[in-house]
Amino acid sequence: MSDLFWLTDEQMERLRPFFPKSHGKPRVDDRRVLSGIVFVNRNGLRWRDAPGAYGRHKTLYYRWKRWGEAGVFTRIMEGLAAVGAEPKTVMIDATYLKAHRTASSLRVKRGNLGRLIGRTKGGMNTKLHAVADANGRPLSFFMTAGQVSDYTGAAALLDDLPKAQWLLGDRGYDADWFRDALQAKGIQPCIPGRRSRNEPVRYDKRRYRRRSRIEIMFGRLKDWRRVATRYGRCPTAFFSAIALAATVIFWL
């Protein structure tokens, strides 16, 4: 099939340093299996519907499951981002990702953080918080249930912010504690004030227009069907799908 996705030799060379070591029996062809994983996630297929050119669908699924639980896909994205990012200016924002009915169980097991799915006006969904560089390429993610405030994501991502001069964010991040934390890290906030403030907040409106790049980033991530719609209940697998999409779209 001419429309199948295949990782190039150059892309594989960039990815290979992040692969876990093979113990005992050698792994099945990494290029074929990873290309199949990308194809399934991008097109929103069931694993059993993967084209035969990628091999057995169970091989794809078990590689996806093992590496996802081990955090391999997240490390790949963060490792490539650390090398190629332009962090002079960073941006922060959040978006909603719709949960399909097959994933929308809210039942929490003992000792488990839950599905990270919440009920909002738009239905059942998950919220993805992200920090991007000056070119709108993702640097780090944090995932919560849909009803969780943007402040929670900002607090979680604060420690992972790179050394930057500016941070761009919308009114949802206008909080005195967040501005003070950014300035303590040597980062100048470019965030418009909420309309409820008694005194208006001054900010660089021309610089603020660049924030559209992180919104474009979210749009490109949602072109992947397994990112735009969450089909699985496991939050780790869903987070891996997001990291894989970010890696292929922006860092390869």
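The values are calculated or read from the model by the stated rules, or taken from the named source; none is laboratory data. Just so it is clear, the structure is predicted and the values come from calculations on it, not from any experiment. Cβ coordinates were reconstructed from backbone atoms using ideal geometry, including for glycine residues, and neighbour counts include every protein chain displayed. These area figures cover heavy atoms from the full protein model, side chains too; ligands, DNA and RNA do not enter into them. Shrake-Rupley method; radii C 1.70, N 1.55, O 1.52, S 1.80 Å.
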Contour minus Cα-Cα span, LYS121 to VAL83, at 0.36 nm per residue, comes to 9.7 nm
Averaged per residue, what accessible area in Å² does segment 29-147 show with a 1.4 Å probe, protein chains only?
49 Å²
The chain, helix-only ellipticity at 222 nm - DSSP H runs n ≥ 4, -39,500 (n - 2.57), divided by all residues, nearest 500:
-11000 deg cm²/dmol
What are the residues whose amide H is under 5 Å from the amide H of SER140, where those residues sit 5 or more places off or on another chain and H is modelled from the backbone?
VAL131
Using only the heavy atoms of the protein chains and a 1.4 Å probe, how would CYS190, CYS234 rank by accessible area, largest first?
CYS234, CYS190
Tell me, in nm to one decimal, what length is gained between TRP177 and ASP30 on full extension, where the rule is 0.36 nm per residue of separation less the Cα-Cα distance?
48.3 nm
Which FRET efficiency value, to the nearest 0.05, do you get for ASP9 and ASN135 by plugging their Cβ-Cβ distance into 1/(1 + (r/R0)^6) with R0 = 30 Å?
0.75
If the reach is capped at under 19 angstrom between alpha carbons, list the lysines near LYS25, excluding any in the same chain fewer than eight residues apart.
LYS58, LYS65
What trypsin sites (Lys or Arg not before Pro) in segment 152-200 are in a loop by DSSP, with at most 10 other Cβ atoms within 10 Å of the Cβ?
LYS163, ARG195
Residues ALA156 and ASP49, FRET efficiency given R0 of 25 Å [Cβ-Cβ distance, rounded to 0.05]:
0.10
Who wins for biggest fluctuation among SER22, SER35, SER149 in a Gaussian network model of the chain, springs between alpha carbons below 10 Å?
SER22
ARG202-LYS21 pseudo-label distance in nm [points 7 Å out on the Cα-to-Cβ vector]:
5.8 nm
How are the alpha carbon pair distances in the chain distributed across 5 Å bins from zero to the largest one, expressed in percent?
1, 6, 13, 16, 17, 15, 13, 9, 5, 3, 1, 0, 0, 0
With Kirkwood's inverse mean 1/r over C-alpha pairs for Rh, give me the Rg to Rh ratio of segment 192-252, two decimals please.
1.19
Relative to 2.2 N^0.38 Å, what does the C-alpha radius of gyration of segment 111-216 come to as a ratio? Two decimals please.
1.13
Run through the DSSP bridge list for the chain and note the antiparallel percent, rounded to the nearest 5.
70 percent
Can you send over the carbon and sulfur percentage of the accessible area for segment 1-135, probe radius 1.4 Å, protein chains only?
50 percent
Within segment 1-105, which chymotrypsin sites (Phe, Trp or Tyr not before Pro) sit in a loop by DSSP and count at most 10 neighbouring Cβ atoms inside 10 Å?
none
Net dipole in debye of segment 102-207 [+1 Lys, Arg Cβ; -1 Asp, Glu Cβ; about Cα centre; nearest 20]:
440 debye
Cα centroid distance between segment 1-43 and segment 183-227, in Å?
35 Å
